[in-house]
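Here's the structure we're looking at; comments come further down.
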Amino acid sequence: MGKQVNCVKLGQMLEGLDAAPVPGELGQKVLDNVSRQAWEGWLQQQTMLINEHRLNLRDAEARQFLLMELGKYFFGDQ
């Protein structure tokens, strides 16, 4: 079992992620504040966004859009 975090999305102490899921400051913020369970919810949301917006992940703008949505999903910012 990994470290426990006070999950910002689910509002309780749960098992956290093993490593930052994205690079940089946002990745560290997610690592410190998001549980595995909440991250699974994000992956489902991300898949929906990719499909709805027909994103090409080779496109830098598409990746930037997903990072912004990731920040909004967990922290209401970024």
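General observations
- Taking L67, L57, L31 as the candidate residues, the one with maximal mean-square fluctuation in a Gaussian network model of the chain, Cα springs under 10 Å, is L57.
- A DSSP coil position with no more than 14 other Cβ atoms inside 10 Å describes the following trypsin sites (Lys or Arg not before Pro) in the chain: K3, R54, R58.
- Full-extension gain in nm, E69 to E25, via 0.36 nm per residue minus C-alpha separation: 14.3 nm
- Nonpolar atom fraction for the chain, defined as the carbon and sulfur part of the 1.4 Å probe accessible area, stands at 48 percent.
- Per residue accessible area in Å² of the chain, where ligands, DNA and RNA are left out and the probe is 1.4 Å: 65 Å²
- Label-to-label distance for Q12 and E61 is 4.2 nm, based on points extended 7 Å past Cα in the beta-carbon direction.
The values are calculated or read from the model by the stated rules, or taken from the named source; none is laboratory data. Because the structure is predicted, anything quoted here is derived from the model rather than measured. Backbone-built Cβ (ideal geometry, glycine too); neighbour counts: all protein chains shown. Protein only, heavy atoms only, side chains kept; ligands, DNA and RNA dropped before computing areas. Shrake-Rupley method; radii C 1.70, N 1.55, O 1.52, S 1.80 Å.
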